[in-house]
Every structure is written in structure tokens, then in C-alpha cells.
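No value in this document is a laboratory result; all are computed from the given coordinates. Here the structure is a predicted model, which means the values were calculated and not measured. With ideal geometry, Cβ positions are generated from the backbone for all residues, glycine too; neighbour counts draw on all protein chains shown.
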Amino acid sequence: MPSTRSQTQATINFPRRKQPRTPGKAPGGCGDAPSNPPGVTLLPLSPREKVLPLSPRKRLGDDNLCNVPHSLPCSPTKQSKKENELPSASCQGRRLFFTEQPTTESPGKRNDLVLSPLRKRQETPGGSERSRLNKKPVCIQLFKQEGTCYQQAKSVLHTGVPDRLHAREKETDALWRFLKEHVCEEKPGSLYISGAPGTGKTACLSRILQDFKSELMGSKTIVLNCMSLSSSQAVFPAIAEQMGLQGASNVARRDLVRKLEKQLTAEGTPMTMLVLDEMDQLDSRGQDVLYTVFEWPWLTGSRLVLIGVANTLDLTDRILTRLQARPKCKPQLLNFPPYTKEQITSILQERLRQVSGSEVLDSAAVQFCARKVSAVSGDARKALDVCRRAIEIVELDLRSQTVLKPLPGCKSPTASALVSPVPRRVGLPHISRVISDVYGDRMALGGDKASDSFPLQQKILVCSLLLLARQLKAKEVTLGKLHEAYSRVCRRQQMAAIAQSECLSLAALLESRGILGLKKAKEARLTKVSLKIEEKDVEHALKDGVLVGNILAGGLH
């Protein structure tokens, strides 16, 4: 019945994919094509019921379970002894190490991360050993230099008002006694604080005003920096504005002064403490502004306590000679001497102790910096700047370098010893380099080349400043007075003198070389000019020239 057999074969449900071979061969000797009895329906087997060929190379992709989302239920056949000993031989270890980290691939691609038996069989024992070693944490790695210790050191070496002033206990006590006697006890008076730049005058006063704010609560405090004023006469509108007087800028000067005096002497008015920083900027013709301000505390019924701060040591004796005839109006004096070597050393060491767990600057470098700065100026701010610039030099040298550093969480003592909290300490050569740039051979005029590099007009201006400072017994002079002395020297030597506007440019060039110091004012003639190096060094450097020697020998007439 051939027709019935053909109908029966037409209903057989063959799977569309190829069936795996059975371990036994077909009777016909052909092991590749199995013979199925007629009439038997072949259904697909589950993955657990499949009988795979012995050779993984003859399995198809689905037979190797490359596209199966779950891991293998058991170990593949013929595993090596080393693979059985590794922890990755368990069922969960069938996945690659990529699965230990989160992946952003699509779900269809994630199935490829399962380790197939074919790929596992092709792995060598050495590759398995490397996979096992790669799972160990790496203790050290190359990193850029952090330099956090340098950042901390630079932050503590600031020139602002510190929390505590060292080596100024005597001056602080004297200043507080004055405030307690005059402000707290409502007794008018005046105080003049003098000292070279960087000796802690303004910082000490600011610290006291902050610390004793509660004690001074009943008084009114007015603080003005005279460098910010357009002229010496502008101090009266500025004071009136702070005292709450309306329309002070539109009132004539004499009327404004009368209003201020009336306000300061009114009954029931709280004590007013007026602090004038950089008071020498109020220098004017006849000194009428300074005289008026110093006479205010001694008006009948005055409620004013005046505190003046300036660099000039003998301002009240030399400029305000009229106060000598009125001893009552003469202010109390408080001088801040330059810092000594020991004081600068203690300031630097106290600041650097705030850097946690490391010594950024060597003690020898600190001592050298203190000795040099104290010998030149005694300016504590200059010492702080020198140390900060030396730290920046070391920091820039190390910024491009890399070091071995332990990774986070690594507890290996050997790896931890590879990194020091301070990669390189700031030593004496770095401090010497900065000091050489700041206080270097600025007046080294010996030799023809050096003399050519220092113009004759600049030499004459320096000589004029030196002679004028000796005559006035002052460290600072105004640019107007300096130009007058310079013009007299040039006339005596029968040389052409430059104008006052050009004199300011000439002084600015000398300032860039570190010879002069300028304190600019709104008016060019009131700009303060001072020598930044010792007079003996200037005289020694300039006396070699015949013309300069004659100028110094002749003096000012």
C-alpha cells in the first residue's frame, strides 16, 4: 500500500534544525545521518536530555549553549586537574570576569558573556592561572603628585590678619590699655602708632577690634584707609558719611568741619573711635588737615578718640611742630619696631605647625629666611612671601612627575612606604633662590657693563633721595619734594632735569628693580617714595662714579 505509507510520512513533524548525532553509529556504517524508523515523530529534546557528541568541535552553536541565557548545569567533560582545583570550576564560575563589573550592553549581547565549553576547552592552564592572578587587587599604581601638603602650607603662610599675633604681646597690651582707658571710660584722647611696613601695626589693631568687640559695643567705630581718598581734604566728607550726616559732599569744607565738630561735642552722643590708617597720606600744604584732626579730641565736651597709623616715625614731631606748643594736644606714641630674627622664626614655625603631619620647610631654611629678612627690613610679610614663593617653586617642579602610590584599600606596608607625605621638602637652596630674586644684587654697579645697565638719571634720582632722607631724617618722602631736590642737584651739576611726570616713571623703573618703594596716591606729587635697601649699600655702590661721588659729597643746599 504505497499510498498509505506516503500519507503517513507526510505527517511526520521533523524539526527545522539539525539533530545532534548519537554516540552510536548507524548500521549502514554512516555515523553522520541517523536512521529513524518510519512512523516515529521526532520532537526536540530539552537541553538536559540532549546527548552531545564527545568532540566539542563538532557541536553546533546551540549545542555548545552559546545562546543559552543561563549557565551550564554541570562541568564540561575532560577538564584538566588545574581547572578543577581553581575556584572558577564551580557552576557560578562559568562566567567571564567581565560579569563582575556592570555592563551596559543589550540583553541579547549579554548571553555571549557565558563561557562556552568550546572556549573553556581551548584555554590553556597558563591562561587560567593568569585569570586567577588578575582577580587579586593591585597594590600600587602610578599617580600624579598631589601636593596637598604644599597647598596647606601656602594657605597658612598668608599675610592677612592671623588669629594670634606672635612677638607683639607688649604692643597689644599697650593698645588695649589705651582703648580701655579712653573708649570704655569715655575719656577723649589720641594715639599715634608708627612703624616700618610689615611690623604688625594694622594687624594688631584689627585683631584687638575683633577680640574686644563686645567691650566696645557702646561706642561707634569708624575705620578709614587714607590711601583710598582722592585728596587730603576728602577725609572730612568720608568721616561725615560714616557718622550719618546727609549731603556732606555738597557742603563747603569749613561748614562741614563745623558740623562735624558740633556732632562730636554734642551731649549724649556715644564715644566715637576714629581710626585713620596710612595717616601720612593726609599730608597737605600747611598741614591744616592733620592739625584739625588732632585737635578734635581736645575740644570742649569732645566725644572722640583718635588713632592714627603711619610708617613715618616722627610725624608728630617733624611735621606737626605746632603740637609741641600745645602739649595737651600731643598724642600718645606707640612704636612697632622691626621683627628680629628670633621673632620671624617663631612666626614661621607657628604657622607651619598648622600643616598636619609633615614638615614642608626645613628648619635650616626657616632660619636662613628669618636671618636675611630681619637684616634687610624686619618685614614679617616679606618673610611669609619668600617662604610661599619657595614652596611654589618646589610644587611646580613636582607637578609633572609621577610616583608609585598604593591604591585605596590596599594595606600592604611595602606599598604604603613608597609614598612620602612630603615628596620634596623646601630647603635652603630654594629659599636662597627667592631671596636672591627679591633682595639680590640690585645695586651692583661695579664694572662698565653694570654701569651701562643703570642709567645716569636713575643714579642721580637715587642720590637725591638718599640726601633728602638724610636731611629730613625720614624714610619716606613725597615725589614732589624728591623732584625738587633732584632738580637742585641737576642745576648744580649743570645737567638737564626731567619733568615731574617723567620723574614718576623713573621712580617706577627703580621700583621694578627693587631699589625704591612707591606708595601711590591720587595726586602724583603726594606719592610716597622710600629706599628699599640700606643707605650704606647705596652709598657704597654709587661712590665709585666721579659724578655721583661729587653729588653725595656736595649734599643738598
Considering only Cα-Cα distances, which of the following residue pairs are longer than 28 Å: 170/382; 187/519; 180/372? 187/519; 180/372
Packing rank of 201-214, 237-250, where each peptide gets the mean count of other beta carbons within 10 Å, highest leading: 201-214, 237-250
Residues meeting the amide H criterion for residue 220 (H placed from the backbone, H to H distance under 5 Å, 5 or more places apart or on another chain) are 271, 272, 273
Evaluate the distance, in nm, between pseudo-label points positioned 7 Å from the Cα of residue 553 and of residue 393 along their respective Cα→Cβ axes. 4.1
What is the extension gain from residue 206 to residue 508, computed as 0.36 nm multiplied by their sequence separation minus the C-alpha to C-alpha distance, in nm to one decimal? 105.6 nm
Using 1/(1 + (r/R0)^6) with R0 = 56 angstrom and r between the beta carbons of residue 425 and residue 470, what's the FRET efficiency to the nearest 0.05? 0.80
Starting from the Cα of residue 500, step 7 Å along the direction of its Cβ; do the same at residue 322; then give the gap between the two resulting points in nm. 2.3
By Cβ neighbour count within 10 Å, fewest first, 528, 522, 481 rank 522, 481, 528
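Full extension from residue 534 to residue 241: what is 0.36 nm times the residue separation minus their Cα-Cα distance, to one decimal in nm? Please list the in-between numbers first.
Values: separation 293, 0.36 × 293 = 105.48 nm, distance 4.22 nm.
101.3 nm is the gain from fully extending residue 534 to residue 241.
Starting from the Cα-Cα distance between residue 163 and residue 217, subtract it from 0.36 nm times their residue separation and give me the gain in nm to one decimal.
17.4 nm
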Region 239-277 to region 487-522: how many Å between their Cα centroids? 39
